[in-house]
Amino acid sequence: MAIKYGRPIELREVARGTGAPVPHALDLTVRPRRNRKAEWARRMVRENVLTTDDLIWPLFLIDGNNKREPVASMPGVERLSVDQAVREAERAMKLTIPCLALFPYTEPSLRDEEGSEATNPDNLVCQAVRAIKKEFPDIGVLCDVALDPFTSHGHDGLISDGKILNDETVAVLVRQALVQAEAGCDIIAPSDMMDGRVAAIREGLDRSGLLDVQIMAYAAKYASAFYGPFRDAIGSAKTLTGDKRTYQMDSANTDEALREVELDIAEGADMVMVKPGMPYLDVVRRVKDTFAMPTFAYQVSGEYAMIAAASGNGWLDGDRAMMESLLAFKRAGADGVLSYFAPKAAEKLRAQG
Ligand SMILES: NCc1[nH]cc(CCC(=O)O)c1CC(=O)O
Ligand SMILES: [Mg+2]
């Protein structure tokens, strides 16, 4: 039998059953389309669902008051001053989005070779964390740990003689994580891809008595062209010299992703992430199947921009493409997804009831 699952197909001379044969009907015992015949039937057999609990909403921050600045390459996304970020936190609460992720646009005058603003306990991210947690203590706040929003060269780490220094960078990242956690951040998310940073950050947090602060490791983060609009949003696109291929992963690899994830789990990560999202769904699936950890995917800025741009041009039904792309992460095994579509998708989900 050519068929592996289900009933064998037996071809007969005449139509089965006692009723009159339908002219030209194929004699099929199995007709998969029966389960798709109506919306209620499709709902009954649906294997995966997207809910608002699956969404983490990334916000871009800028200095100032009552300010909203559009990000040109991400239609519908804005940089927000802290008071406006608090308003969006309220919106997230109402939409039952469990968690926000914060990314700062740092004033150029505050950027330097060492990214020293990253460890300023009163930097923009820390201000936003305090303001959001003060008004809405029940929403989760995630902070990215990496130096790129703060360095004049746009890299995630310290540089010497054109090389990104691993261990020296890790020491700074620990201090960055600590100022964020002290400000009230719930989840520390190292996105820098330095070796050993998860262990060092866990140790730093534990020593400071911050035992409940979680770590979501950007464990398998690829050197990707899809981060372009994000670098535009945080203002590192113009400054970035060279590329990030000596620390972010080669997009040709998946075994290496498993080794990276395994290390981060051993070092104390509570949750792991694969990034970008849609071009790496195979990696999400392998990671989930191999480690059975809370596994997240980041639908990155370039993925958002593609759908938003095509939709803006009338080439795609933007809402349907958005929902289909988000559901794809669930199908691949992700427990949740960081997405700039989060508020829009949540509104749609709530409207569906
Ligand atoms: N290390 C910083 C960081 N954290 C999240 C993203 C990208 C997110 C996105 O594209 O939406 C990046 C950019 C990069 O590594 O260059
Ligand atoms: Mg690693």
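The values are calculated or read from the model by the stated rules, or taken from the named source; none is laboratory data. Here the structure is a predicted model, which is why all the values come from computation and not from measurement. All Cβ positions, glycine included, derive from the backbone under ideal geometry; neighbour counts span all protein chains shown.
Remark: pairs (first residue in the range 182-193, under 15 Å from P58 (Cα atoms); second residue part of a strand (DSSP E or B) and within 8 Å of ligand 1 (Cβ to nearest atom); Cβ separation under 6 Å; 6+ apart in sequence or on different chains) = A189/D144; S191/D144; S191/Y218. Just so you know, in the range 35-92 the residues that are of a type in the set (S, T, N, Q) and touching a strand residue (DSSP E or B) at 6+ places or on another chain (Cβ under 9 Å) include one that is nearest to M322 (Cα to Cα), and it is Q84.
Check every one of the strands (runs of 3 or more DSSP E) wholly within the range 188-306 and list those with 1 or more residues that are within 15 Å of the chain's Cα centre (by Cα) and away from ligand 2 (no atom under 15 Å from the Cβ).
Working: elements: 214-221, 271-275, 295-299.
Ranges flagged: 295-299.
Restricted to the range 144-165, and to residues there that are hydroxyl-bearing (S, T, Y) and surrounded by fewer than 24 Cβ atoms within 10 Å (Cβ to Cβ), the residue that is nearest to the chain's Cα centre (by Cα) is S152.
Of the residues G242, G228, G184, which is surrounded by fewer than 22 Cβ atoms within 10 Å (Cβ to Cβ) and at pLDDT below 95? Before the answer, list the steps.
On the way: G228 fails: at pLDDT below 95; G184 fails: at pLDDT below 95.
Being surrounded by fewer than 22 Cβ atoms within 10 Å (Cβ to Cβ) and at pLDDT below 95 holds for just one of G242, G228, G184, which is G242.
In the range 187-225, the qualifying residues are those that are under 26 Å from S251 (Cβ atoms) and among the polar types (S, T, N, Q), and the one that is surrounded by the most Cβ atoms within 10 Å (Cβ to Cβ) is S191.
Looking only at the range 227-270, residues that are more than 11 Å from ligand 1 (Cβ to nearest atom) and within 23 Å of T106 (Cα to Cα) come to 5 in all.
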